[in-house]
1. Taking residue 108, is it part of a loop (DSSP other than H, G, I, E, B), modelled with pLDDT of 80 or more and surrounded by 13 or more Cβ atoms within 10 Å (Cβ to Cβ)?
2. With the checklist (1) loosely packed, with under 13 Cβ neighbours inside 10 Å; (2) part of a loop (DSSP other than H, G, I, E, B); (3) under 21 Å from the mean Cα position of the chain (by Cα) in hand, flag the one item residue 117 doesn't pass.
3. What is the residue count in region 21-49 for residues that are small (Gly, Ala, Ser) and exposed (fewer than 13 other Cβ atoms within 10 Å of the Cβ)?
4. What tally of residues in region 50-64 results from selecting those that are surrounded by 13 or more Cβ atoms within 10 Å (Cβ to Cβ) and free of Cβ contacts under 8 Å to residues at least 12 places away in the same chain?
5. Looking at region 91-108 only, could you name the residues that are more than 27 Å from the chain's Cα centre (by Cα) and hydroxyl-bearing (Ser, Thr, Tyr)?
6. Could you list all residues from region 159-173 that are modelled with pLDDT under 70 and not in a helix (DSSP H, G or I)?
7. Being at pLDDT below 80 and more than 23 Å from residue 165 (Cα to Cα) is true for just one of 43, 93, 25. Which residue is that?
8. Being in a helix (DSSP H, G or I) and in contact (Cβ under 8 Å) with a residue 24 or more places away in the chain is the filter here, so list the residues in region 21-43 that pass it.
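The values are calculated or read from the model by the stated rules, or taken from the named source; none is laboratory data. Since the structure is predicted, the reported quantities are computational estimates derived from the model, not experimental observations. Don't worry about glycine lacking a Cβ; one is built from the backbone with ideal geometry, like all the others, and counts go over all protein chains shown.
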Amino acid sequence: MAPSYIQDLCVPVLTVSTRSALRSAARGNLVVPHTRRRVGNRAFSVAGPAAWNSLPPDIRTASTLCTFKKLLKTHLFLHSFRLLAGGIQQITAFIRRCIRQGYCNADHADITSIINTADDTLFRQILTNPNHVLAHLLPEKVNQLRPRQHDRQLIPKTTKLYSCNFVIRMLYKRSYGLYFIVHSLTVLITFLLLSYIVQVAF
């Protein structure tokens, strides 16, 4: 489907006679030309085959273009979240270093607490403001059999990608949580008070 001048830059290793017996040929890799400068690595003739070779085999062997796009989208989303997790570790180490050197207070919040607070604030705004730009992503309201922090329907997690979705992640995080604990304690205290009143009365 690509233009001919693009196809000419993507040469399978299998078609090269001197490399046809290599394992990279069996994996369906493309030939990555060698360059001496960093500028050359940015050319499509180098960056394109290198990017293709870095994809998992199940994506490269997709039967249809639609399947390839879906698998590629999932792969890129998961890859970005792995990079985010690595960035969080670096920021945490940086904050600890600043505390040791006296640039931050000893009780400075870590990056995980900061992110969780920001997530809770944003999700609360989405729930309470129907005109919020993300409000249309919320599922429909449902009747609650048990008290929860929100009245929205929980979306089933069918793939790992669903755990990366902000709205779905927050719906499960705030499904019961502290509100359910407080409610249970309230019911328990009410029951104990009623039991005490009954004992005193009789």
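1. Values: part of a loop (DSSP other than H, G, I, E, B): yes; modelled with pLDDT of 80 or more: yes; surrounded by 13 or more Cβ atoms within 10 Å (Cβ to Cβ): yes.
The answer is yes for residue 108.
2. Unmet for residue 117, out of (1) loosely packed, with under 13 Cβ neighbours inside 10 Å; (2) part of a loop (DSSP other than H, G, I, E, B); (3) under 21 Å from the mean Cα position of the chain (by Cα): (2).
3. So the first thing to find is which residues in region 21-49 are small (Gly, Ala, Ser), and the list is 21, 24-26, 28, 40, 43, 45, 47-48.
Then keep just the ones that are exposed (fewer than 13 other Cβ atoms within 10 Å of the Cβ); that gives 21, 26, 43.
Adding up the residues that qualify gives 3.
4. Residues meeting the conditions: 1.
5. First, the residues of region 91-108 that are more than 27 Å from the chain's Cα centre (by Cα): 97-107.
The one that is more than 27 Å from the chain's Cα centre (by Cα) and hydroxyl-bearing (Ser, Thr, Tyr): 103.
6. Restricting attention to region 159-173, the residues satisfying the condition of being modelled with pLDDT under 70 are 159-164.
The answer is 159, and nothing else.
7. Values: 43 fails: at pLDDT below 80; 93 fails: at pLDDT below 80.
Just a single option satisfies the conditions, and that option is 25.
8. Of region 21-43, the ones in a helix (DSSP H, G or I) are 23-26, 38-41.
Of everything in region 21-43, just one residue is in a helix (DSSP H, G or I) and in contact (Cβ under 8 Å) with a residue 24 or more places away in the chain, namely 24.
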